[in-house]
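As structure tokens, the structure follows; a few thoughts come after it.
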Amino acid sequence: MNQYQTERRLCWSYLFVAVFLAVSVLCIGIPYNHWRTTLDVCPGGYFENTNCGCILYGVSTFAYFNGGRNAYCLYAVFAPLPVIVYAVVMALFHMYRVCINNIGQYEDEKSTTMEEIEGESIVVSTRTRVSRSNDSVIYCWIPTSCIAAIFAVYSLVHAAILTDGFIKTCTQYRGYLVRELRATGDHATAIHFRLACQAIYDFMDYIQKDAPNSRRGDFINTGVALQLAIITAWAAVGIWVAIVVFTAVRAFKERHVLTCCGN
């Protein structure tokens, strides 16, 4: 894979990272805004920090179903924004190099010519390379690989929090649903062990009552929104890993320029 192919793949990879993380942010922000008033029913005084309107990490109490701390949802919404900005910038950068400059397009391609010297035919093969003096980007492969690895770990933490918060809310609402429906025996067993989280969130959409003096407005499909956020967040993690591999392989190929290993 020559430099042109690498940068073309990086262009698409960064673009998909930005799109997936943007979808994840939207799919968390919409349920959070929809539920934050309804679920914010934590006990406590006026001066206590009792903000618990997050759809993630919900808790079933004796009287209400409380949401998780708002910090979880705020992190889920705002943490990917710097990563999205970086991914968009890098996608535009590689798009410019691929679509306009055609950097490295003919690298590693051989051209063969036949020359006649002193009555003998000699085959001459040449290989096109990127000019080291004109393309300073080859010195950036190691830094960009390290940055991509950091963002991969960063996105992994973000996706893990989304997944764990989704499961915790689902688990807690199962118990709350059993109590609200007064389910016993096989009914309770089905709710706890048979129904998928999508069905549990469907019950939540239609059964969970508004908090006093608050209205949720129209119904939304909370389960689908949260699962789409989780899927796109994990997809972004996978693409970050691919970016790390692409840039690391490119750095290895340019090791004779970047380090003294090729000497």
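Just so you know, all these numbers are worked out from the coordinates, no wet-lab data involved. The structure displayed is predicted, hence computed values, not measured ones. Cβ placement follows ideal geometry from the backbone for every residue including glycine, while neighbour counts extend to all protein chains displayed.
For a quick check: sort TRP141, TRP234, TRP12 by the number of other beta carbons within 10 angstrom, fewest at the front.
Taking fewest neighbouring Cβ atoms as first place, the list is TRP12, TRP234, TRP141.
Using R₀ = 41 Å, calculate the FRET efficiency as 1/(1 + (r/R₀)^6) where r is the Cβ-Cβ separation of VAL241 and LEU26; round to 0.05.
With a Förster radius of 41 Å, E is 0.95.
In which sequence would GLU180, GLU254 go, from the one with the fewest C-beta neighbours within 10 Å to the one with the most?
GLU180, GLU254
Using the Karplus curve 6.51 cos²θ - 1.76 cosθ + 1.60 with θ = phi - 60°, work out ³J(HN,Hα) for each residue of segment 59-67 in order, rounded to whole Hz, and write x for Gly and Pro.
So the J values, rounded to whole Hz, are 10, 8, 10, 5, 9, 9, 10, 8, x.
Using a 10 Å cut-off around each Cβ, can you sort HIS187, HIS192, HIS34 from fewest to most neighbouring Cβ atoms?
Going from sparsest to densest Cβ surroundings: HIS187, HIS192, HIS34.
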